[in-house]
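What follows is a set of notes on a single structure, which appears directly below.
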Amino acid sequence: MTSTSSPTPLAARAGGPLTGRVRVPGDKSISHRALILAAMTVGETVISGLLEGEDVLNTAAAMRALGARVVRLDNGTWHVHGVGVGGFAEPAAALDFGNSGTGCRLVIGAVAGCGITATFDGDASLRKRPMRRILDPLEQMGARVLDQAEGGRLPLTLKGALDPLPIEYESPVPSAQLKSAVLLAGLAAPGETTVIEAEATRDHTEKLLKHFGAKIVSKPHGDNGRRIVLQGQPELVPAPVLVPADPSSAAFPMVAALLVPGSDVTFEAVMTNPLRTGLFTTLREMGANIEESDKRADGGEEIASYRVRTSKLKGVEVPASRAPSMIDEYLILAVAAAFAEGDTQMRGLKELRVKESDRLEATAAMLRVNGIKVDIEGDDMIVHGMGANGVPGGGEVATHMDHRIAMSALMMGLASQKPVRIDDSAFIATSFPGFVELMKGLGADLS
C-alpha cells in the first residue's frame, strides 16, 4: 500500500495582488479516462497535456501492470500501446491507487469485463471510501468479489466476468464514477449496456468512448437526466488526446483572484464542459468578474480562457440540481462565500460525505476554526458571509489527507486578516503538482 511521508505544514497570509497568465495542469478526470481507454484500444495512442499528479501516475502504473505499454517521452507526451477490449493480463501484485477514488473505481469497472483476478488497494484515506455502489452493478454483469474489507472497502479482490452480461442500470446516485465503471465493463459485453441517470453527471467517459470509436448514444431522460446506451464489444481505435486544463484545479487560484484586492489573473485553455462549470455559474451569480475569451474545441471538449479580477461578492442560494456539475468545487465555493455579503446556501451535498474525507463536515470545520459561522442542516450547508475584509483567519486546518481541503484553506489565508495554516500540504500533489510554485508565481505568500 502507498506510504506517506511525514506531514508538510504550510501557511498562507495576505500580501499583494495576484497577477499573471497561467495554465493549470491537465484535467484529472480526462487524464484517468484517456489512459484507461487508450489501454483498451488496439494500437498506440498519444496523449498530450496529461496531468502528472500522483493520482494519474498510479492509474498509468495500473495500466502497465495489466499489460499495456505506457511510456512518457521527453517532450511530455505519453504513448499508450493498448491490449484491446477484454485483453488485460492478470497483474502480478495488487494495484495500488494511492489516494485516487476515480482511478480505482474506473479500473475496477474495466477489469470487471475481463476474465482475470485483480486486487485493488490504496492509502489510508482511500481505504475508508465506499466501493459497494460500483460493485453491485458489476456483480450483476458477472464479476465476483472474492475478498473485501468491511463494507465493500479496499483492499478488495475482484474476479472479472469471463463472459460479461449487458445490463440496464438505473444509477441510485448522481456519480460519474459509477456510470463510467458500468460502461467500461460493458465494453466487453455483447449487445447493449444502458445506464440511466436521474441527474446528468460529467460525460467525459462518453465523449472519449466516442473519440476512440465506440458506438454510444446519450439522450435526455426525465427533467435533468440522461439515458446512455453503449454497443458492446467494439474494437477501439487509437486516437490522439489533448487533455485540456482542469476547471477543478483552476477553481482555487480563480477564487483567490476574486478575493485578494487588486488581482487580475488569466487562466488559459480551461475546459468549459457545462457538466463541469457549475462553480463558474455560481460565482457569476455572486457578482464575480469573470470574462471568457478564445473559445474553441479540441479533443472533443470545449475550452476557453478566463480573465478573473477582484470582485465584491454577495451570498446566493445554490440549487441541489447544480451539484453534479461542481461536486468537487463546494469547498472552494465555501471560501468565496465566507468573504461574501450575506448568506450562501448550498443544497443537496450528500455526495460530499463519501469523498476523500467527509468533505461536508471538514469544510465546516475549516471555516469555523477561522472564525466563520456555518450551519449544516441535513445535506445542506449555509455559510454566513463576513464581507470582503471580515474573515478573521488565524486557524490551523486539519486536511484529513484531502488535497482540496488543503488548497481551499490556503486560498482563504491569502485574503483573511490573519494567516491560515494547514497541517499537511503533501497531498496537494495528487491533483495539482506545482500548485505552490504556481501560486507564488502569481504573487501569493505561502510558506
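Read the figures in this text as sums done on the coordinates, not as results from a lab. It should be emphasised that the depicted structure is a prediction, and the values quoted were computed from it without experimental measurement. Neighbour counts run over all protein chains shown; Cβ positions are idealised from the backbone, glycine included.
Whole-Hz Karplus values for the stretch 322-334 come out as 8, 4, x, 8, 8, 4, 8, 9, 5, 5, 6, 4, 4 Hz, taken residue by residue from phi with 6.51 cos²θ - 1.76 cosθ + 1.60 and θ = phi - 60°; glycine and proline positions read x.
The lysines within cross-link reach of K207, meaning a Cα-to-Cα straight distance under 30 Å and a gap of 8 or more places when in the same chain, are K28, K159, K179, K215, K219, K295, K350, K355. Computed packing ranks the peptides 316-323, 46-53 as 46-53, 316-323, most packed first, by mean other Cβ atoms within 10 Å.
Relative to the dominant Cα principal axis of the chain, helix 28-39 is inclined by about 20°. Pick out, from G191, G53, V107, the residue whose Cα sits farthest towards the positive end of the charge dipole of the stretch 28-236, with +1 on the Cβ of Lys and Arg and -1 on the Cβ of Asp and Glu. Ranked along the dipole, the leading option is G53.
Please determine, in degrees from 0 to 90 and to the nearest 10, the orientation of helix 247-259 with respect to the longest principal axis defined by the Cα atoms of the chain, where the helix direction is its Cα long axis. In the chain, helix 247-259 runs at an angle near 0 degrees to the longest axis. For the stretch 262-336, averaging the sequence separation of C-alpha pairs within contact (under 8 Å, six or more residues apart) and dividing by the residue count gives a relative contact order of 41 percent. Of all aspartates and glutamates in the structure, those lying under 17 Å Cα to Cα from K440, and not within fewer than 8 positions of it along the same chain, are D264. Packing-based ranking of 217-224, 117-124, 377-384 yields 117-124, 377-384, 217-224, ordered from highest to lowest mean Cβ neighbour count within 10 Å.
The Cα center of the stretch 246-286 and the Cα center of the stretch 45-83 differ in position by 28 Å. Summary of the geometry: the stretch 325-344 and the stretch 132-151, compared by the centres of their Cα atoms, lie 35 Å apart. Under 1.5 on a/c is rounded, so check that first for the stretch 28-236, then, if it is not, pick prolate when a/b is larger than b/c and oblate when it is not; a ≥ b ≥ c are the square roots of the alpha carbon gyration tensor eigenvalues. Rounded, since a/c falls under 1.5. For trypsin sites (Lys or Arg not before Pro), the sites in the stretch 361-413 that DSSP calls loop and that have at most 16 other Cβ atoms within 10 Å are K373. Note the angle between two axes, namely the Cα long axis of helix 176-186 and the longest principal axis of the Cα atoms of the chain, as a number of degrees from 0 to 90, rounded to the nearest 10. Taking the Cα atoms of the chain, the angle to 176-186 is about 10 degrees.
Estimated from helical segments only, the mean residue ellipticity of the chain at 222 nm is -8500 deg cm²/dmol, where each DSSP H run of four or more residues counts as -39500 (n - 2.57).
Rg/Rh, computed from the Cα trace of the chain with Rh as the Kirkwood radius, has the value 0.96. Protection proxy ranking of 166-172, 147-153, 97-103, by the mean of other Cβ atoms within 10 Å over each peptide's residues and highest first, is 97-103, 166-172, 147-153. Once C-alpha pairs closer than 8 Å and six or more residues apart are averaged by separation and normalised to the residue number of the stretch 28-236, the relative contact order reads 18 percent.
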